[in-house]
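The values are calculated or read from the model by the stated rules, or taken from the named source; none is laboratory data. What you are looking at is a predicted structure, and each value in this text was computed from that prediction instead of being measured. We place every Cβ from the backbone using ideal geometry, glycine too, and count neighbours over all the protein chains shown. These accessible areas exclude ligands, DNA and RNA; they are computed on the full protein's heavy atoms, side chains included. Shrake-Rupley method; radii C 1.70, N 1.55, O 1.52, S 1.80 Å.
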Amino acid sequence: MSLNPELAKLLNAQINHEMAASYSYLAMAAWFEQTPYSGFANWMYQQSAEETVHALKFYQFLVSRDAAVVLTPLAMPQAEFTSPLDVFATSLRQEETVTQQINDLYDVAERVRDHASKNLLLWFLNEQIEEEKSVRDIMDRLTLAGDDPASLLVLDREAGARKETKESAKN
Ligand code: FEO
């Protein structure tokens, strides 16, 4: 079944959105690299890599559906932040936007009755729930830590333990 052109266009746009998220997380990692928080830098770096995998999932899906892949430019990401909490708050806003984009894509996939696309998008919707939750959890704990250096360093150490993603673009 060939891909509906409107859906194909939106799936291509989502490659850009996921790459933009990856780029944005890389800028957040780079910001943390200039602070004592090497653990948060690692967390953001791993998240950037995960967003690239998300972009590749959409790429692979378009290729396997015999649809053209169209890559578009990325905007310069935000690079200045006021605090670790500010970085994670920016991350949450970004994830909420992506969730909305995936929801909208699902609506189109449903309208054109493309069940394979719906299946792919369901995976993403579940992933978004997890991503928003993990960012919110870190924000809650950062708020609790306030300006206490010892508490902030504990949170930073935990973020530093985040491992490379095992996710692959092909499944
Ligand atoms: Fe791939 Fe975090 O959205």
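The single condition among (1) of a type outside the set (A, V, I, L, M, F, W, C); (2) modelled with pLDDT of 95 or more; (3) open to solvent by 10 Å² or more (accessible area, probe 1.4 Å) that Tyr25 does not satisfy is (3). The set of residues from segment 118-128 being surrounded by fewer than 17 Cβ atoms within 10 Å (Cβ to Cβ) and within 14 Å of the chain's Cα centre (by Cα) comprises Trp123, Leu125, Asn126. If you go through segment 87-117 and keep only what is of a type outside the set (A, V, I, L, M), surrounded by fewer than 16 Cβ atoms within 10 Å (Cβ to Cβ) and away from the ligand (no atom under 16 Å from the Cβ), you end up with Asp107, Glu110, Arg111, Arg113, His115. Only one entry in Ala109, Ala169, Ala116, Ala161 is at pLDDT below 95 and under 28 Å from Leu7 (Cβ atoms), namely Ala169. When restricted to residues that are of a type in the set (A, V, I, L, M) and under 16 Å from the mean Cα position of the chain (by Cα), segment 1-36 contains 10.
Identify, please: which residue in segment 37-69 is more than 16 Å from the chain's Cα centre (by Cα) and either within 14 Å of the ligand (Cβ to nearest atom) or free of Cβ contacts under 8 Å to residues at least 60 places away in the same chain (or both) and is, among those, farthest from Gln94 (Cα to Cα)? It would help to see each step written out before you state the result.
First, pick out the residues of segment 37-69 that are more than 16 Å from the chain's Cα centre (by Cα): 37-39, 60-69.
Pick out the ones that are also either within 14 Å of the ligand (Cβ to nearest atom) or free of Cβ contacts under 8 Å to residues at least 60 places away in the same chain (or both) and you get 61-64, 69.
Numbers: Phe61: 23, Leu62: 24, Val63: 27, Ser64: 28, Val69: 24 Å.
Ranking the candidates gives Ser64 first.
Looking at the structure I just gave you, is Ala20 touching a residue at least 12 places away in the same chain (Cβ under 8 Å) and over 28 Å from Asn119 (Cα atoms)?
Values: touching a residue at least 12 places away in the same chain (Cβ under 8 Å): yes; over 28 Å from Asn119 (Cα atoms): no.
Taking the combined requirement at face value, the residue does not satisfy it.
If the condition is being open to solvent by 70 Å² or more (accessible area, probe 1.4 Å), under 30 Å from Arg141 (Cα atoms) and touching a residue at least 24 places away in the same chain (Cβ under 8 Å), then segment 70-86 contributes Gln78, Glu80.
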